[in-house]
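Only one structure is covered here, and it is reproduced in the block below.
The values are calculated or read from the model by the stated rules, or taken from the named source; none is laboratory data. This structure is a prediction, so every number in the text was calculated from the model and none was measured. Cβ placement follows ideal geometry from the backbone for every residue including glycine, while neighbour counts extend to all protein chains displayed.
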Amino acid sequence: MTILRFLLECWLAATMVVLWLPVGALALLLMDRLFTTGWSRPLVAELTAVTGTLPFAALAVLPVLLGAGLVYPWIHEVKPEKAFWLAPWFFAGRTVVYLLVWWLLARLAMRPNMERAAAAAGLIVLGLTVTFASIDWMMSLEPEFASSAYGLLVLTAAAQAGFAAALGLRLRDGPPPEPEQLGHMGSLLLTLVLSWGYIAFMQYLVVWSGNKPHLVSWYLARGGAPWGWFAWALVFLKGVLPFAALLFPPARRSPRVLGALCLLILAGHAVDMLWLVLPAFKEHAAWHLPPALLFGGALALIGRGLLRRKNRWVEAPGHG
């Protein structure tokens with residue numbers, strides 16, 4: 001293993017932690033433009049701000065794109081029947097298309113007068129592109145593994161993390177929402193927790209009960225040390241603890257409880273992305289953790305700085 005390949009693998013994991021936050025916020029912003037029911041009105045400015053970090057997160061993908069031949073093993077082992085789809089130039093082209101589509105959707109969604117029909121079409125396009133992007137960037141690291149739920153799993157994880165980032169930003173910087181508004185936010189957070197937990201469990205159940213070695217091995221690689229601890233950590237940080245707390249209406253209306261849960265979910269999101277990506281690098285996979293955490297921390301700090309300047313991107317109405 002070369003140093004460059006090692007660093008690119010670490011960078012990929014860190015990039016996946018950061019990139020899905022604005023993509024998830026974009027999904028929720030499109031839902032707000034579609035339904036216009038008021039459930040997310042108090043968070044529109046924050047969702048817009050998180051979505052506005054998408055260009056920065058997209059730039060973080062470029063090093064991986066340039067070094068794809070080092071990171072993705074299948075590039076050098078393409079079968080003739082898959083030569084077109086797996087060609088390096090087509091892989092790079094798809095990546096550019098994903099990022100451009102998301103950028104265009106973000107520009108449209110950040111306008112408060114976006115048409116509902118455009119928002120509906122945007123949600124469909126976003127769902128499809130996230131599915132293909134997650135397969136290209138993450139699932140294809142282990143070509144023998146396949147799951148029809150993988151894209152939806154990544155999308156729900158992104159939405160959960162994006163909402164947690166926006167809600168945490170509002171609770172930290174904005175005026176305190178009304179208790180009724182907080183209750184709605186807590187209920188939506190509970191819905192996102194349940195959605196992610198259901199899809200993650202169903203994928204595990206289908207793969208494990210199918211008992212196909214080339215599929216089960218994907219989970220086995222993530223069950224040994226230290227990844228087994230990561231699995232338990234993400235289950236509790238993103239699932240069990242938020243679910244248990246949000247069952248109680250007073251907790252859903254408490255700024256302190258919701259703020260703490262947002263931090264737990266964001267930490268769980270980082271653990272989740274590292275757990276999905278790093279075990280694929282079977283050669284000294286655990287050694288990837290320190291650099292990946294370092295890169296992820298640096299990207300997160302830059303993203304936090306951009307969020308502090310959120311008014312630069314916000315074209316939505318103020319809090320309400």
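The residues of the stretch 109-122 that are modelled with pLDDT of 95 or more and under 13 Å from Leu26 (Cβ atoms) amount to a single one, Gly122. The set of residues in the stretch 221-279 being crowded, with 18+ Cβ neighbours inside 10 Å and in a loop (DSSP other than H, G, I, E, B) consists of Arg253, Ser254. Scanning the stretch 113-133 for residues that are without any contact (Cβ under 8 Å) to a residue 60 or more places away in the chain, small (Gly, Ala, Ser) and buried (at least 18 other Cβ atoms within 10 Å of the Cβ) yields a single hit, Ala133.
Inclusion of Thr156 among residues that are without any contact (Cβ under 8 Å) to a residue 40 or more places away in the chain and either crowded, with 19+ Cβ neighbours inside 10 Å or touching a strand residue (DSSP E or B) at 6+ places or on another chain (Cβ under 7 Å) (or both) is not warranted. Residues in the stretch 66-94 that are modelled with pLDDT under 85 and either surrounded by 12 or more Cβ atoms within 10 Å (Cβ to Cβ) or among the hydroxyl-bearing types (Ser, Thr, Tyr) (or both): Pro73, Trp74, Ile75, Val78, Lys82, Leu86, Ala87, Pro88. Scanning the stretch 45-65 for residues being farther than 30 Å from Phe90 by Cα and at pLDDT 90 or above gives a total of 4. Annotation: Pro177 fulfils all but one of (1) modelled with pLDDT under 90; (2) exposed (fewer than 13 other Cβ atoms within 10 Å of the Cβ); the unmet one is (2).
Scanning the stretch 285-315 for residues that are outside any helix (DSSP H, G or I), closer than 21 Å to Ala161 by Cα and either modelled with pLDDT of 85 or more or more than 21 Å from the chain's Cα centre (by Cα) (or both) yields Arg309, Val314. Taken as a whole, the stretch 210-218 holds no residue that is among the aliphatic types (A, V, I, L, M), at pLDDT below 95, within 25 Å of Glu144 (Cβ to Cβ) and surrounded by fewer than 12 Cβ atoms within 10 Å (Cβ to Cβ).
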